[in-house]
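Worksheet: one structure, shown below.
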Amino acid sequence: MKKFLLTTIALVAFFSSCGSSDNNKKESNKQDATVSESTANEKSYVKVISYKDFVKNIWDFEANPTEFVFKGNKPCVVDFYATWCGPCKTVAPILEKLAQEYDGKVDFYKVDTDKEQKLAMVLKIQYLPTILFAKEGVQPEKSVGAKDEAYFRSQINKLLGE
């Protein structure tokens, strides 16, 4: 009975995690169209960036692949997400709220891992959401999975030295 229960729990966890599938993406595209229409007029404090933007503004790992050299002028939070990922959708409004609150002190970015697969591969992003906290002079920290606002706030305050 124990073995059956453990197997069932493992299967539920496996199938409920953020795994890529065409059905997830198709359903998400429908939802995204609705969300995009409703939020088109709202200002976002989180900037969606590409591979090139990451190399230019955060870390040029092409020029310096062995050592992290931060290129930004203030600390940053980078959300690696996918549009079909449920936990990513839970984290997004939290980060948007914090981005507004810390506007001018911390840069907030988002990277769509479906569109920027090369960047995700280079940075070894295997699970979503993965949040990167970076600033000059220290190695960036990664957080994997959905977390609450208090956790993100504490990590941001740590970036700011508070």
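Points worth noting:
- Condition met for residue 77 (at pLDDT 50 or above and assigned to a helix (DSSP H, G or I)): no
- Unmet requirement for residue 89, which otherwise passes all of (1) in contact (Cβ under 8 Å) with a residue 24 or more places away in the chain; (2) under 20 Å from residue 152 (Cα atoms); (3) among the basic types (Lys, Arg); (4) assigned to a helix (DSSP H, G or I): (1)
- Being closer than 17 Å to residue 56 by Cα and either open to solvent by less than 20 Å² (accessible area, probe 1.4 Å) or small (Gly, Ala, Ser) (or both) is a property that residue 99 lacks.
- Considering region 133-148, and only residues there that are over 13 Å from the mean Cα position of the chain (by Cα) and surrounded by 14 or more Cβ atoms within 10 Å (Cβ to Cβ), the residue that is farthest from residue 99 (Cα to Cα) turns out to be 140.
- Candidate set: region 61-80, residues that are open to solvent by 30 Å² or more (accessible area, probe 1.4 Å) and in contact (Cβ under 8 Å) with a residue 12 or more places away in the chain; chosen: the one farthest from residue 162 (Cα to Cα): 71
- Of the residues making up region 132-147, one or more are on the phi > 0 side of the Ramachandran plot and touching a helix residue (DSSP H, G or I) at 6+ places or on another chain (Cβ under 8 Å).
The values are calculated or read from the model by the stated rules, or taken from the named source; none is laboratory data. Quantities reported herein were computed from a predicted structural model and do not represent experimental measurements. Neighbour counts run over all protein chains shown; Cβ positions are idealised from the backbone, glycine included. Remember, those area values only see protein heavy atoms, side chains included, never the ligands or the DNA or RNA. Shrake-Rupley method; radii C 1.70, N 1.55, O 1.52, S 1.80 Å.
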